[in-house]
Amino acid sequence: MSTESTTAASNSKPGCSVSLPDAAATQTVALWQVHPRDNVLIALRTIAQGEVLPEPYQQVTALEEIPAGHKVAIADLAPGAEVRKYGFAIGAATAAVKAGSHIHSHNTATNLSGELAYNYSGCQATELSYPADLPTEFMGYRRKNGKVGTRNELWIINTVGCVNRAATRIAAEANKRLAAAGLLNTDILHSNIDGVFAYTHPFGCSQLGDDLAHTRTILAGLIQHPNAGAVLVVGLGCENNQLAKLLEASPGVDSSRIRSFNAQQVEDEVEEGIAAVEELLALMAEDKRSACPVSELVFGMKCGGSDGLSGLTANPLVGQVADLAAGAGGKVILTETPEMFGAEQVFMARARNEVVFNDIVKLVNSFKQYFIDNNQPVYENPSPGNKAGGLTTLEEKSLGAIQKGGSAIVEQVIQYGELASVPGLTLLEGPGNDAVSSTALTAAGATLLLFTTGRGTPLGFPVPTVKISSNSNLAARKPMWIDYDAGAMLLPGVDSQQFSKEFFRYLLQVASGQYTRNEKSDNKEIALWKNGVTL
């Protein structure tokens, strides 16, 4: 509940609920109790040493300064006592803690260690519906294979890092010619071609086994992506990631929209590439946006540079979008497997059936084993930036991160490089790294990425990447990075449900062609998960 209002509305189902400030509040909330079972409050602004906490905690005085986003104890805690946030233990006190003390890494530690055993007890989630007061369509690009894109771009994908520079030169020259001909979509000039982009990487050579397969499947997912109205695939010729094998791994694409060659087999790879691009652009010039149902959207959910408010504003906002999309029959993909550790049982309780439940168990335990096999601590998280923003343990970070999945039923679990194939919520194997996980979401079929952040980052990816700030200070400081300010959810009188619906309407505008900050700044890149031996 809000500490300056006696009532609050829950915006998610019991088990990992987040309470938002009462819409009728008349003043800015200073401290926030996320769940009635919690024994900490979250500072929404810096709390001065000696400041008396507001109703109903007047008997507690801040014993030290509490930075915004950080936690303050509202009860005395003995060594080993649970520290609770989101209604769950996020760790244990490592020393005696007095009410009013700052709760953080100096006096709190994780309770997590190793693999756990889990028991299936049925699906505890309910089916979702789509509100009648939201639009049912957006303007997208319907492809020959039935998929729908939110952009019409030409993507250049290279099989191996040896031809990176050739790929970037081809893209630069193609965009120059498009602009000169008045065919390149910009904020001023509206065309149906959104640009030519080379997505380069350093891999494809000297890789073996699963490591090579990971590179190939991610690139194949990009080749099949509906935001790519056409694709040029550039190989070298002698690499392990052979061009022919990569094309074989990309079934269902419109072969008329694919061109490919090996640089070793042509006289001038840049001129060869430009000629191929011009052929493809001529085909793309005929593409038009058309009305498509919201169910055709595929959302990828991601958080990066989280702070103490990410799990309270931006991530729950994205979770509400996940519920709206699932209710409409759309697809929602969530990854960052290590940031499910400590909160995985929330997803297990929402597994569609026992098969999906067992897939979640395997997803979590296999990723823990990946850490163990590489002699790394399973729970070495959060990052320095997370800690500076107020996050103390992985349990706390994970319970906040999974808010992005809303309350939807988990319909499937897929491996890194696989495509999401069913409506509803999909869990995707992948690391927490921003660039690697966002690329995996794109390759899995996401046509919009919703990226929440409390610290900020300029990163962007092949599909429109909507940056959502957890706090208004970041949105004000970095307007060139942030598309939407979830910190505004804390303003007096804001109704969280209406706020999420307005945000969803904005997302439909983005899906229909409105550019995001990463697109305007040309911050678009990919990163691949390198987890094997290099020859």
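Annotations for the structure displayed:
- Heavy atoms of THR136: accessible area, 1.4 Å probe, square angstrom to 10: 90
- Computed from point charges on the beta carbon alone (+1 for Lys and Arg, -1 for Asp and Glu), the dipole magnitude for region 376-535 about its Cα centre is near 420 Debye.
- Dimensionless Rg ratio for region 454-535, taking C-alpha atoms and the 2.2 N^0.38 Å reference: 1.34
- An oblate overall shape is assigned to region 350-397, the ratio a/c of its alpha-carbon gyration tensor axes (a ≥ b ≥ c) being 1.5 or greater and a/b not exceeding b/c.
- Peptides 167-178, 339-350, 283-294 ranked from most to least packed by the mean count of surrounding Cβ atoms within 10 Å: 339-350, 167-178, 283-294.
- Cα centre as origin, Lys/Arg/Asp/Glu Cβ charges: region 225-272 dipole, Debye: 320
- Straight-distance crosslink candidates among lysines, where the alpha carbon sits under 23 Å from LYS397 and sequence neighbours closer than 8 are dropped: LYS13, LYS71, LYS85, LYS302, LYS362, LYS368, LYS387, LYS467
- Region 267-294 and region 76-146 have their alpha-carbon centroids 44 Å apart.
- Of all complete DSSP H helices in the chain, those with a Cα span along the helix axis of 15 Å or greater and a mean Kyte-Doolittle hydropathy of 0.0 or more are 209-223, 269-284, 314-327, 354-373.
- Along its principal axes, region 462-503 has C-alpha extents of 34, 23, 11 angstrom, given from the largest down.
- Size descriptors for region 34-96, from the alpha-carbon set: Rg then Dmax equal 11.5, 28 Å.
- About the centre of its Cα atoms, the chain shows a dipole size close to 320 debye [charges on the beta carbon of Lys, Arg (+1) and Asp, Glu (-1) only; nearest 20 debye].
- Region 39-145 - convex hull of the alpha-carbon atoms, volume per residue in Å³: 278
- Note that region 357-461 carries a Kirkwood radius of 15.2 Å, evaluated over its alpha carbons pair by pair.
- Efficiency of FRET between THR126 and ASP495 - r from beta-carbon atoms, R0 25 angstrom, step 0.05: 0.65
- Subtracting the Cα-Cα distance of SER256 and ALA213 from 0.36 nm times their residue separation leaves 12.9 nm of extension gain.
- Kirkwood Rh in Å, taken over the chain so that all alpha-carbon pairs contribute: 24.0
- For GLU173 and ALA291, the FRET efficiency from 1/(1 + (r/R0)^6), where r spans their Cβ atoms and R0 equals 51 Å, is about 0.90.
- Cα shape, region 156-227, gyration tensor, a/c 1.5 rule: oblate
- Burial ranking of peptide ranges 40-47, 79-86 (average Cβ count within 10 Å, highest at the top): 40-47, 79-86
The values are calculated or read from the model by the stated rules, or taken from the named source; none is laboratory data. Note that the structure is a prediction, hence the values are computed from the model and not measured. In this analysis, Cβ positions are derived from the backbone assuming ideal geometry, glycine residues included, and neighbour counts consider all displayed protein chains. Only protein heavy atoms, including side chains, enter the accessible area calculation; ligands, DNA and RNA are left aside. Shrake-Rupley method; radii C 1.70, N 1.55, O 1.52, S 1.80 Å.
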